[in-house]
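The values are calculated or read from the model by the stated rules, or taken from the named source; none is laboratory data. Treat the numbers as computed from the prediction; the structure is a model and nothing was measured. Note that we place each Cβ from the backbone using ideal geometry, even for glycine, and neighbour counts take in every protein chain shown.
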Amino acid sequence: MKRLLPFFFLLPSLALPAPETPPLTPTFGQETSVPHPVSPFDTARGSTKDPFVAAQDEAAHWLALLDQQQYGPSWLDSGSFLKDVVTQNQWIGAMQATRKPFGNVLSRSLTKNSSITQLPNGTKGNFIVIHYRTLFSRNVQAEEVIVLMTNQMGQWRVVSYLTK
């Protein structure tokens, strides 16, 4: 089975915490440089859905778009943080050059998720990082890492995707 060389897309400086580092738990009202009117971790506001479940649901929906080679719609469904960094045409080109050659997804399993309040580059906010182990049809096995962030409506949106 082929092993991929590390490929980082969008947030190359994203050095994720070591597995032994406990995840940080965001708290409502915590100072951030990104406006978040509602923290997804604040259950007092009436949300009963677990933030990790909500983020995993959004990640699954978004990955399904990639799996179907719907790169334009995946960009449209991404968070503004991603859209501010890369245009739709750049995204489509990058996915056609890097993701499409892997082939179809044969299997994907969740391996880890964590919450963080600050990216290594200093960007603050409510983030969930989800890791998947994915096997593709062209004998490629990869770790897919999805970083999601809440938008103004408190919904999780993908802001970074990388494979290693």
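Counting only residues that are hydroxyl-bearing (Ser, Thr, Tyr) and more than 12 Å from the chain's Cα centre (by Cα), the range 129-161 holds 2 of them.
Across the range 42-85, the qualifying residues are those that are among the aromatic types (Phe, Trp, Tyr) and either under 19 Å from Gly154 (Cβ atoms) or touching a strand residue (DSSP E or B) at 6+ places or on another chain (Cβ under 9 Å) (or both), and the one among them that is modelled with the highest pLDDT is Trp62.
Looking only at the range 68-116, filter to residues that are charged (D, E, K, R) and closer than 18 Å to Arg138 by Cβ; which one of those is surrounded by the fewest Cβ atoms within 10 Å (Cβ to Cβ)? I'd like the intermediate steps shown before the answer.
Start the filter on the range 68-116 by keeping residues that are charged (D, E, K, R), which leaves 77, 83-84, 99-100, 108, 112.
Filter once more, keeping what is closer than 18 Å to Arg138 by Cβ: 99-100, 108.
On the way: Arg99: 21, Lys100: 12, Arg108: 16.
Selected residue: Lys100.
Out of all the residues in the range 89-119, which are part of a loop (DSSP other than H, G, I, E, B) and within 24 Å of Ala54 (Cα to Cα)? Correct list: Leu119 only. Put simply, of Val158, Val145, Val86 the only residue that is out of contact with any Asp or Glu (no Cβ under 6 Å at 6 or more places or on another chain), part of a loop (DSSP other than H, G, I, E, B) and among the aliphatic types (A, V, I, L, M) is Val86.
When restricted to residues that are in a loop (DSSP other than H, G, I, E, B) and either without any contact (Cβ under 8 Å) to a residue 40 or more places away in the chain or in contact with a helix residue (DSSP H, G or I) (Cβ under 6 Å, 6 or more places away or on another chain) (or both), the range 123-137 contains 1. May I ask you to say which residue of Ser33, Ser39 is outside any strand (DSSP E or B), touching a Gly at 6+ places or on another chain (Cβ under 9 Å) and at pLDDT 50 or above? Checking each option against the conditions leaves just Ser39.
Checking the structure you have, find out if any residue of the range 54-69 is closer than 15 Å to Tyr161 by Cα and not in a helix (DSSP H, G or I). Working first, answer last.
Within the range 54-69, the first condition is being closer than 15 Å to Tyr161 by Cα, and the residues that meet it are 55-56, 58-67, 69.
Narrowing the set further to residues that are not in a helix (DSSP H, G or I) leaves 69.
Yes.
Scanning the range 117-148 for residues that are surrounded by 15 or more Cβ atoms within 10 Å (Cβ to Cβ), in contact with a Phe, Trp or Tyr (Cβ under 9 Å, 6 or more places away or on another chain) and either modelled with pLDDT of 95 or more or under 16 Å from Ala60 (Cβ atoms) (or both) turns up Ile128, Ile130, Thr134, Phe136, Ala142, Glu143, Glu144, Val145, Ile146, Val147, Leu148.
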